[in-house]
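The values are calculated or read from the model by the stated rules, or taken from the named source; none is laboratory data. Keep in mind that this is a model prediction, so the values were computed, not measured. Cβ placement follows ideal geometry from the backbone for every residue including glycine, while neighbour counts extend to all protein chains displayed.
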Amino acid sequence: MDVLELAAELDEKLGDPRDPTQLFSFKQRVAEDEAEHYPSDALGLLTRFDLARHYVPNTLGGELRRFDQLAALLRVVARRDLTVAISHAVSFLGSMTVWLGGDESQKRRLAQAVLSGERVSLALTEQQSGSDLLNMSTIATAEDGGYDLNGQKWLGNGLNRNRYAVIYARTSAPGGPRGYSLFLLDKATNHDGFKPQPKIATLGVRGADISGIELHAFVTPDALIGVEGAGFETTLKALQLSRTLCGALSLGALDTGLATVLRFAQERRVYGKSVAELPQSQKLLAESWVELLIADSLTGVVSRALQAVPMQASVHSAVLKYLVPTLAEQAMQRLAVVYGARYYLRDDHEAGIFQKMLRDNLLISLFDGSTQVNLHSLSHQLRAITVNDASTDMPWWIERTAPLNDFEWDKLSLSSGGQGALFSSLSAGIENLREWLAGSTGNEYSDALIDALNFLSTARETLISDVKQLSPAQLGAGDPLIFELARRYCVLATAAAVLADWQLNRAALENTLGNPAVMALVLQRLTNQLGHSVFLPLQCYQAVFNCLLARRDVDGACGLYALPSMQSQTKND
Amino acid sequence: MQIMELISEVKPDEMMLQRWLIDRVAESIKVKPDDIDTTLPFSYYGLDSVAAIGLSGDLEILLGTKLSPTLTWDYPTIELLAAYLAKE
């Protein structure tokens, strides 16, 4: 079954979001959020629908072969409720460390547990050290016949509710990158070894189990995941994968945010017109939609990249983890402007789902490595990945019908060895569109497109030159300039992804990237992120808005590819 | 540590590598190369483990060869790293 069919099947099982008797309806999701109620029933339903099978590699009895597949499924859940999405998918975050670093018997045992519905947490962060992985205090002391785990983990997802927890602990007194290890704790067989810490109240995902665990557990040697000292490296690799999946979470929130506000705009009448007929609203809706398309393009491309160029994941996952949540937050904020007063009401239009999605989505730029953490880690590779060796080829794997092999777990690397296929393809991407424009006549958005392409070309050269001039002192001191250069890299790599998507897939993207007005607004949004202002006439925004409506009316959903509509939303009221 | 004391003991390319690393570390914390102790770990000089991955990337460019990203974790001082690279 292909990716979109799988997603459609799951979405159908979740029922009509506007039917309040459905567990996955907006009404019930918001009610659970208001009550800060852990969504046990919803999680149970997802497990009965076999979602957990997609957290386990096919080689271990599950169905995980490719990340674009898992991303599509998580997006379907996220469109209903991010609390449920993160509370269920946390098992993937936890069990990944075993798929990456465990021995065969550990993998088989945990696979069985996850397939049977048990959930797995990752107990990583601590209150004093935050997310500084090399400064953790939880200790694992080697004893006769095992290890003594001692310490306290804080702000972990599912630490109270999940049966299993992967504990990140120091195994060598001086610490350092080889001084930490991962241990799989099974609370069912270690009743006295831990004490749950209270649920922490959060701005969004209010019903999620964000809590802590106090450890004083003795574990046998088979609890050690991999070898002593592998903890830091395994964790960094696991984060490359979870950060990529975060794109699906933000996209889900934005899908629903946009659908909700669009529906409102078409129904609500002010000054004798529907909100959706007002030029300013059309502009704002068009801009938010285009940001969704950009995020969608990048997420799709990076999810596919994991199979094709896994050794570049350290770069691409950081680009995605910075860009997608950032764009999603901006788009949601702009949609709130169109929504007006209703954005501020918790129980009015569509059961108040928009404000929940807005608050929940704020988590994505923060957890699993914040935007700042990702820019910082990217900055260390900036010199290597901006050497001026532009490729003339588009990455073949961006073509959506190109077959991809199954993901290879042993191919991840902490550095991409100077490779970054997206950024490398930027020159070619710019040239392709320029050539097409030169050959196409009567295109009213040519000027705007050429303006943006010229700017991207210059911005690329400027970045390469600015990075070359960086001194080791600036890198060492965490100079704000390095964050800015890393940010620019992210925007340019994203532009490359979108241009490649256009080049290789536009025949299937008629109402989105294949439409010149949409592409003009896409490039305007991207160059805007780099401080450039491309002028677009009113008719461009209106044309894009009409594409948005056409997209929604044809497929019921507004993304790049035909993700299923959420049931009754296809009906035009 | 004075560079002249090393000449009798190390191979020229190992010395060159040490020199490069000393200059690099000195530059990154804005001190004089003479103040760098090649037996102290990179972390002592503020090069954390993730930053050190970047160092291996720069070494790849310098030496024109692929290196493990975690090289600086297993050879965490200038002395150890230069000796390892010179042997390979």
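In table form, for the structure just shown:
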read-out	value
Qualifying positions in the range A:131-165 - charged (D, E, K, R), closer than 28 Å to A:His376 by Cα and not in a strand (DSSP E or B)	A:Asp132
Where A:Ser415 falls short, out of the listed (1) away from chain B (no Cβ under 14 Å); (2) among the hydroxyl-bearing types (Ser, Thr, Tyr); (3) under 25 Å from the mean Cα position of the chain (by Cα)	(1)
Qualifying residue in the range B:47-69 (condition: more than 11 Å from chain A (Cβ to nearest Cβ), acidic (Asp, Glu) and in a helix (DSSP H, G or I))	no
Number of the condition not met by A:Ala452 [criteria: (1) touching a residue at least 24 places away in the same chain (Cβ under 8 Å); (2) within 14 Å of chain B (Cβ to nearest Cβ); (3) aliphatic (A, V, I, L, M)]	(2)
Within the range A:171-190, considering residues that are crowded, with 22+ Cβ neighbours inside 10 Å and farther than 18 Å from A:Ser121 by Cα, the one nearest to the other protein chains (Cβ to nearest Cβ)	A:Pro177
Filter result for A:Ala188 (of a type in the set (Gly, Ala, Ser), outside the structural domain of A:Phe545 (by TED's automatic domain parsing) and assigned to a helix (DSSP H, G or I))	yes
A:Leu115 vs. criteria more than 14 Å from chain B (Cβ to nearest Cβ), crowded, with 23+ Cβ neighbours inside 10 Å and modelled with pLDDT of 95 or more	no
A:Leu60 hydrophobic (A, V, I, L, M, F, W, C), farther than 22 Å from A:Leu23 by Cα and either touching a Phe, Trp or Tyr at 6+ places or on another chain (Cβ under 6 Å) or surrounded by fewer than 21 Cβ atoms within 10 Å (Cβ to Cβ) (or both)	yes
Any chance A:Leu335 is assigned to a loop (DSSP other than H, G, I, E, B), buried (at least 19 other Cβ atoms within 10 Å of the Cβ) and touching a residue at least 24 places away in the same chain (Cβ under 8 Å)	no
Residue that is farthest from the other protein chains (Cβ to nearest Cβ) [pool: residues in the range A:359-382 that are assigned to a helix (DSSP H, G or I) and among the small types (Gly, Ala, Ser)]	A:Ser379
Condition check for B:Leu63: without any contact (Cβ under 8 Å) to a residue 60 or more places away in the chain and closer than 17 Å to A:Gly176 by Cα	no
Lone unmet requirement of (1) small (Gly, Ala, Ser); (2) closer than 24 Å to A:Leu236 by Cβ; (3) more than 10 Å from chain A (Cβ to nearest Cβ) for B:Ala82	(2)
So B:Lys32, is it away from every other protein chain (no Cβ under 12 Å) and surrounded by fewer than 21 Cβ atoms within 10 Å (Cβ to Cβ)	yes
Failed criterion for A:Asp406 (all others in (1) more than 14 Å from chain B (Cβ to nearest Cβ); (2) outside any helix (DSSP H, G or I); (3) more than 22 Å from the chain's Cα centre (by Cα); (4) not aromatic (Phe, Trp, Tyr) hold)	(3)
Members of the range A:121-140 that are touching a residue at least 24 places away in the same chain (Cβ under 8 Å) and not small (Gly, Ala, Ser)	A:Leu122, A:Leu124, A:Thr125, A:Glu126, A:Gln127, A:Leu133, A:Leu134, A:Asn135, A:Met136, A:Thr138, A:Ile139
Pair list, Cβ under 7 Å, 6 or more apart: the range A:264-289 residue of a type in the set (Lys, Arg), other residue surrounded by 20 or more Cβ atoms within 10 Å (Cβ to Cβ) and in a helix (DSSP H, G or I)	A:Arg268/A:Val275; A:Lys283/A:Tyr541
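Here is a yes/no grid of residues against (1) assigned to a loop (DSSP other than H, G, I, E, B); (2) β-branched (Val, Ile, Thr):
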position	(1), (2)
A:Ser416	yes, no
A:Leu422	no, no
A:Trp436	no, no
A:Ile450	no, yes
A:Thr458	no, yes
A:Gly478	yes, no
A:Leu485	no, no
A:Gln503	no, no
